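The structure appears right after this line, and notes come after that.
Only the coordinates and a few stated rules stand behind these numbers; no lab work does. Given the structure is predicted, the values throughout are model-derived calculations rather than measurements. Please note: Cβ atoms are built from the backbone with ideal geometry, for glycine as well, and neighbour counts cover all protein chains shown.
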Amino acid sequence: MLTKEDRALVCTALAWAPYGGATDEDLFVNFGLSTDEFYNRVRAALDRDRNGHHLSAADHRTLAATCRLHVEGAFGRRSESTSLR
């Protein structure tokens, strides 16, 4: 079962997934978390929702792929100076 905090993390991760993820600064300001900690917590939320009660299969796949890329370092860290304008 997802907690209120889990849902906030998941919603943010889904909103930013098409853009490569939120900036380090956004994650720290909004959640007080580093990028690694944010995606580790999103991954933990996905593990708690294995049976799909809160997320569609497509959202689950999107988040799992996004977490894998961020946690395993396939994405370089984006800062405000390198974000899209």
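Peptide packing for 2-8, 12-18 was compared via the average number of neighbouring C-beta atoms within 10 Å per residue; ordered from the highest value, the list is 12-18, 2-8.
With a sphere of radius 14 Å drawn around the Cβ of LEU9, what net charge do the other residues whose Cβ falls strictly inside it have (Lys, Arg +1; Asp, Glu -1)?
Working: positive: LYS4, ARG7, ARG41, ARG43, ARG48; negative: GLU5, ASP6, ASP26, ASP36, GLU37, ASP47, ASP49, ASP59.
Neighbour charge sum, excluding LEU9 itself: -3.
Listed from fewest to most Cβ neighbours within 10 Å, the set SER34, SER56 follows the order SER56, SER34.
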